[in-house]
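Colleague: So that we are looking at the same thing, I have put the structure below in structure tokens.
The values are calculated or read from the model by the stated rules, or taken from the named source; none is laboratory data. The shown structure was predicted, so the numbers you read here are calculated from the model rather than taken from an experiment. We place every Cβ from the backbone using ideal geometry, glycine too, and count neighbours over all the protein chains shown.
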Amino acid sequence: MISCCLPTLLAQVSVWELVSRAKPVPMTVFVILLGFSIFSWAIVFSKWNSFRHARLANQQFLRAFRKANTLETMAVASEQFPESPLVTVFDFGYEEIARQISAKGTLRNKLALERSLQLAISEEIAKLERHMNWLATTASVCPFIGLFGTVWGIIDAFSALGLAGSASLRAVAPGISEALVATALGLGAAIPAAIFYNYFGHVIREMGARMEDFSLEFMNVAERNFGD
């Protein structure tokens, strides 16, 4: 009887009314989940925008690099693409070449150049992965926070039922309603975070592969121009 009438009762009450009338513990759960959701969406929009600009800058920088006659020319032109992760790889490599040319007049230690390029790649990947752990935490933790709110709401509903002394819908509906809202908020925060964590992870791996390819291309140019 309760399960049949509950949807009708909930249809007459908005979600905002359920949240505003919630008791301290469910309200705390709602606020925590809302905080997770807001911060996660802020990260999503920030990452989406930065990755979009980084991809475009990578394409433009790579075209300019392949057209440049010398690395010196490209070093000056690279300042036009500050959002490109490839520029950091180029700068590390160019600085290592400049040090070796200044000290020995030629590129003798190719292993040092390779290490410099790898350090640049690691640094850029670390930047790209910044705040990704928050999306992973949101995706894994929020369902359990919502579950806690659900369990607490059910406990409260049964407690109200015991005090009422009868299976009254008015006695159990508020607790069950809060439980359902907590579940919905938990899933609403976790599902987008999981989706974008996986998507951004793919984007980061793709950019990492582009940087690895560029480091090989840079090594080829360096050996042709400055090798023994």
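Colleague: With the structure loaded, tell me whether Ala139 is farther than 22 Å from Asp213 by Cβ, free of Cβ contacts under 8 Å to residues at least 60 places away in the same chain and in a helix (DSSP H, G or I) or whether it fails that test.
Modeller: In short, yes.
Colleague: Moving to a separate point now. Would the range 143-166 turn up any residue that is aliphatic (A, V, I, L, M), modelled with pLDDT under 90, closer than 29 Å to Arg52 by Cα and part of a helix (DSSP H, G or I)?
Modeller: no
Residue-wise test of (1) surrounded by fewer than 14 Cβ atoms within 10 Å (Cβ to Cβ); (2) modelled with pLDDT under 90; (3) under 17 Å from the mean Cα position of the chain (by Cα).
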| site | (1), (2), (3) |
| --- | --- |
| Pro24 | yes, yes, no |
| Phe36 | no, no, yes |
| Trp41 | no, no, yes |
| Phe45 | yes, no, yes |
| Ser50 | no, no, yes |
| Asn58 | no, no, no |
| Val89 | no, no, no |
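Colleague: Moving on to the next point. In the range 17-113, which helices (runs of 4 or more DSSP H) lie fully inside it and hold 3 or more residues that are in contact (Cβ under 8 Å) with a residue 40 or more places away in the chain and closer than 26 Å to Phe196 by Cα? Walk me through how you get there before you give the answer.
Modeller: Details: elements: 24-67, 71-77, 85-104.
Because the criterion is at least 3 residues that are in contact (Cβ under 8 Å) with a residue 40 or more places away in the chain and closer than 26 Å to Phe196 by Cα, the helices (runs of 4 or more DSSP H) in the range 17-113 that meet it are 24-67.
Colleague: Of all residues in the range 192-227, which are free of Cβ contacts under 8 Å to residues at least 12 places away in the same chain and aliphatic (A, V, I, L, M)?
Modeller: Of everything in the range 192-227, those that are free of Cβ contacts under 8 Å to residues at least 12 places away in the same chain and aliphatic (A, V, I, L, M) turn out to be Ile195, Ala209, Leu216.
Colleague: Another question about this same structure. I'm checking my understanding of the structure. Among residues of the range 176-228 that are among the β-branched types (Val, Ile, Thr) and farther than 23 Å from Leu33 by Cβ, which one is surrounded by the most Cβ atoms within 10 Å (Cβ to Cβ)?
Modeller: Among them, the one singled out is Ile204.
Colleague: In addition: Please state which of the following conditions Phe81 fails to meet, knowing it meets all the rest: (1) at pLDDT 90 or above; (2) among the hydrophobic types (A, V, I, L, M, F, W, C); (3) surrounded by fewer than 14 Cβ atoms within 10 Å (Cβ to Cβ).
Modeller: (3)
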